[in-house]
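Here's the structure we're looking at; comments come further down.
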Amino acid sequence: MTQAQAGSGALEALLQEDRRFPPPAELAANASVRDPQIYAAAGRDPEAYWAARAEEQVSWFRPWEQVLEWKAPFAKWFVGAEVNASYNCVDRHLQGPRADKPAIVFEGEPGDTRTITYRDLYAQVNLAAATLRRLGVKKGDKVAIYLPMIPEAAVVMLACARLGAPHTVVFGGFSPESLADRINDCQASYVVTSDGGWRRGAVVPLKANTDAALERTSTVKTCVVVRRVGDAAGVSMKEGRDVWWHEALEQTTESGQTECPPERLDAEHPLFILYTSGSTGKPKGILHTTGGYLVGTSLTHKWIFDLKEDDVFWCTADVGWVTGHSYVVYGPLCNGATCVMFEGTPDYPDKDRFWALVARHKVTILYTAPTAIRSFMRWGEAYPRRHDMSSLRLLGTVGEPINPEAWMWYREHIGGGRCPIVDTWWQTETGAIMISPLPGLTTTKPGSATLPFPGIDVDVVDERGDPVPLGRGGYLVVRRPWPAMLRTLWGDDERYIQTYWSKYPGMYFAGDGCRRDEEGYYWFLGRVDDVLNVSAHRIGTMELESALVSHPSVAEAAVIGIPDEITGQAIAAFVTPKMGVNADEALNHTLRQHVAQKIGPIARPKLIRFTSELPKTRSGKIMRRLLRDIAEGRILGDTSTLLDAGVVAQIKEQYEAQEA
Ligand code: ATP
Ligand code: MG
């Protein structure tokens with residue numbers, strides 16, 4: 001963030017939102033959390049509260065001597081305790097009826113399905129861990145995982161956790177360069193990949209990508225290859241380095257050593273390193289450890305999604321993102337939940353694929369991203385209407401602020417008007433959800449992530465670090481360490497301190513702009529790096545984009561500031577119209593009027609450019625920094641996490657054509 005962007009004022013509070021949705025009575029009566037006193041109790045004695053949660057949520061081989069050791073900004077949670085994530089996600093569910101409950105319900109892109117019970121998962125994770133051990137993986141070795149969304153991804157993650165070998169999962173959509181960068185950064189000595197993965201009927205050549213990546217790395221000893229697409233992918237195996245996973249598993253079976261007891265690991269043993277999405281710059285290698293992370297993810301999963309024994313939980317995130325780590329694998333499996341795992345995309349073979357899955361697997365809880373919801377809106381409600389989605393009882397979102405319009409559409413057309421929505425704010429760094437409704441207690445407001453989770457001490461502060469009054473915008477900070485927090489940036493304590501702890505000593509700086517309303521509800525305004533400064537008014541991108549998306553012709557919008565002699569910065573909007581809408585001069589004028597009317601004359605965009613797409617990270621987040629580069633005619637910044645390089649060229653072309 002530059003000094004100019006930081007400014008001295010606070011973000012303006014502009015949009016009004018009056019809609020309210022109290023918890024449905026029946027859900028409230030049976031919810032995981034029913035007593036509002038929990039907030040005050042957690043606030044009075046956070047360490048006692050976290051210790052109690054740690055006892056309820058996680059099975060420990062050895063208890064802790066100290067709940068928290070805080071040598072700011074370095075935290076240790078559950079000091080002296082021993083634990084294993086794989087034991088907690090698998091072994092302990094074998095006692096009693098959960099053993100035969102589905103742990104993972106998998107659907108591949110071509111429509112193949114697999115149901116893996118907890119008993120099956122136990123056998124598979126043991127066999128995988130025994131095999132990795134036989135291949136030489138030891139406690140402390142780093143294992144890079146570059147797989148499609150197939151059960152093997154979860155199984156290998158858990159097998160690594162069983163051995164105490166930290167994994168680094170790299171999203172299967174990343175290029176060889178990005179894979180190599182991540183391998184080099186964390187010095188991985190093993191890679192687990194597959195021959196390929198399915199994407200819209202075509203094969204993504206993961207093994208070939210890995211081969212290219214391994215030419216740029218020197219640390220990898222062994223490359224394990226899962227067979228996913230079979231003959232469709234002509235892979236070449238390198239003698240002495242590459243091993244077929246199915247053959248290695250077979251050999252382990254033949255050896256008879258198919259069990260692998262979980263290592264007793266220190267609570268602070270590294271569980272994984274994961275790189276952020278790169279919306280704002282070069283990705284950061286976030287380190288998470290074992291005990292606190294398990295407590296945070298499993299607790300938030302149980303309370304925020306109101307988990308019941310017979311729920312079918314579907315988090316649509318890829319395991320390559322933190323959401324996939326915390327809410328496809330560790331949180332839900334630690335809770336003994338049934339999780340749906342899907343390999344494909346929402347629009348293949350048709351735009352109703354998600355809804356077909358919901359109906360087929362009787363999904364009860366759905367957790368997805370605003371970017372997906374905005375696509376569904378663009379495609380229209382006919383697609384969800386094709387399917388019986390009456391099994392759904394709760395909906396969640398994560399990844400970006402959700403525009404009130406998208407929230408309402410989600411509620412109505414996916415949730416049938418009956419399902420509560422939990423808008424959950426958190427980051428790769430925070431490990432688990434930090435701000436979210438508790439569905440049995442919290443009255444929700446479309447567009448607000450509502451309130452901090454019990455035990456999470458967040459605040460909104462001004463430039464000096466003083467709390468801003470309700471109604472004013474500022475910077476989101478966390479005042480107290482929390483169990484699932486990142487421990488450092490891998491191999492770079494200095495950057496860890498610089499990035500998160502140097503703006504306000506003693507407070508974690510999240511990098512997001514936020515405002516609290518008169519009831520203390522949190523409204524995210526956008527990233528601090530994206531904040532606009534128009535005639536000395538600081539305006540978040542979120543409210544402008546929400547105003548644009550609230551117009552019936554608009555599917556998606558991204559707003560940036562461009563230099564302006566008079567106002568300092570002026571507002572420029574990139575707008576993707578809904579399908580079939582004529583993007584002409586009249587619409588341009590109407591939209592500028594519309595924003596001025598919704599927010600105020602100061603918010604009237606100086607220019608609007610229609611584009612058929614917006615630049616997004618591979619996790620679906622809008623990259624405004626690239627739009628700024630386009631608008632100012634600069635060379636593009638780091639594009640390694642960009643979903644589709646072609647899109648940027650196309651936007652540039654459309655932008656310049658409309659300028660003329
Ligand atoms: P980088 O840090 O490399 O720029 P990133 O911030 O996109 O990447 P993530 O950790 O995946 O990487 O994303 C966390 C960010 O996503 C948050 O800081 C916030 O800006 C945004 N976010 C996530 N959930 C929400 C939400 N419910 N409401 C508002 N913003 C959200
Ligand atoms: Mg970030």
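Derivation of every value follows stated rules applied to the coordinates shown; laboratory data play no part. Keep in mind it's a predicted model, so treat the numbers as computed, not measured. A quick note on method: Cβ atoms are made from the backbone with ideal geometry, for glycine too, and the neighbour counts reach across all protein chains shown.
List of remarks:
- Check: segment 20-126 dipole with +1 on Lys, Arg Cβ and -1 on Asp, Glu Cβ, in debye: 180
- Under the Debye formula (equal points on every Cα, no solvent term), log10 I(q)/I(0) of segment 59-210 at q = 0.13, 0.19, 0.21 Å⁻¹: -0.73, -1.22, -1.30
- Cβ-defined net charge surrounding Y496, 10 Å radius [Lys, Arg +1; Asp, Glu -1]: -1
- Over 29 Å (Cα to Cα) - which of K606/K652; K282/K652; K71/K621; K76/K142; K138/K207 fall in this group: K71/K621
- Computed from phi, the 3J(HN,Hα) profile of segment 331-336 under the Karplus parametrisation 6.51, -1.76, 1.60 (θ = phi - 60°) reads x, x, 6, 4, 8, x Hz, with x in place of Gly and Pro.
- If R0 is taken as 30 Å, the Cβ-Cβ distance between A72 and R264 corresponds to a FRET efficiency of 0.55.
- Sorted ascending by nearby beta carbons within 10 Å, beginning with the fewest, W70, W355 become W70, W355.
- Of the two radii for segment 450-499, the radius of gyration is 1.04 times the Kirkwood radius, both from the alpha carbons; that is the Rg over Rh value.
- In order along segment 357-362, the Karplus-derived 3J(HN,Hα) couplings, from 6.51 cos²θ - 1.76 cosθ + 1.60 at θ = phi - 60°, round to 5, 4, 5, 5, 9, 6 Hz, and Gly and Pro are given as x.
- Cut-off 10 Å between beta-carbons: net charge of the residues surrounding T289, Lys and Arg +1, Asp and Glu -1: 0
- Equivalent ellipsoid semi-axes, the chain, via Cα gyration tensor eigenvalues times 5, rooted, Å: 38, 29, 25
- Spin-label pair S390/S175, simplified geometry with 7 Å Cα→Cβ offset, distance in nm: 5.0
- Between the amide H of L271 and those of H288, T289, T290, distances stay under 5 Å, these residues lying 5 or more places away or on another chain, with hydrogens modeled in the peptide plane.
- Think of each Lys and Arg Cβ as +1 and each Asp and Glu Cβ as -1; about the Cα centre, that makes the dipole of segment 531-659 roughly 380 debye.
- Between segment 228-270 and segment 308-368, the alpha-carbon center distance in angstrom: 25
- Counted residue by residue at 0.36 nm each, then reduced by the alpha carbon distance between them, the extension gain from V581 to Q16 reaches 200.7 nm.
- From its DSSP helices (H runs of at least four residues, each -39,500 (n - 2.57)), the chain gives a residue-normalised ellipticity at 222 nm of -8500 deg cm²/dmol.
- As a calculated quantity, the FRET efficiency between D564 and L135 at R0 = 41 Å, using C-beta atoms, amounts to about 0.10.
- The chain: angle of helix 585-599 to the longest principal axis, Cα-based, in degrees nearest 10: 90
- Amide H contacts of G197 (H built 1.01 Å from N, under 5 Å, at least 5 apart or other chain): V204, L206
- For R228, R625, R200, the sequence from fewest to most other C-beta atoms within 10 Å is R200, R625, R228.
- Spatial separation of Cα centroids for segment 538-575 and segment 66-97, in angstrom: 44
- Equivalent-ellipsoid semi-axes of segment 504-550, from the Cα gyration tensor, Å, largest first: 20, 15, 10
- Centre-to-centre separation between the Cα atoms of segment 162-177 and those of segment 465-533: 28 Å.
- Summarising the amide proton neighbourhood of L525: residues at separation of 5 or more, or on other chains, whose placed amide H is nearer than 5 Å comprise G513, C514, R515.
- Take every pair of alpha-carbon atoms less than 8 Å apart whose residues are at least six positions apart; their mean separation over the length of segment 531-659 yields a relative contact order of 21 percent.
- Residue-normalised convex hull volume from the C-alpha trace of segment 531-659: 107 Å³ per residue.
- Dipole magnitude for the chain: about 260 debye, using +1 per Lys or Arg Cβ and -1 per Asp or Glu Cβ, origin at the Cα centre.
- Estimated inter-spin distance, L27 and S255, nm [label 7 Å along Cα→Cβ]: 4.9
- The stretch between A202 and Q650, if pulled fully straight at 0.36 nm per residue, gains 158.9 nm over its current Cα-Cα span.
- Take the Cα of D100, go 7 Å toward its beta carbon, and the backbone nitrogen atoms of segment 327-365 under 19 Å from that spot belong to 336-339.
- All other residues whose Cβ lies under 14 angstrom from that of R134 are scored, Lys and Arg at +1 and Asp and Glu at -1, for a net of -1.
- Extension gain for K221 to Q658 (0.36 nm times residue separation, less C-alpha to C-alpha distance): 152.1 nm.
- Across the chain, Cα pairs under 8 Å and at least six residues apart give a relative contact order of 15 percent.
- Karplus-derived 3J(HN,Hα) values for segment 506-523, using 6.51 cos²θ - 1.76 cosθ + 1.60 with θ = phi - 60°, are x, 10, 7, 9, 7, x, 10, x, 7, 9, 10, 7, 5, 9, x, 6, 8, 10 Hz; glycine and proline are entered as x.
- Nearest-0.05 FRET efficiency for S612 and S640, computed from C-beta distance (R0 30 Å): 0.85
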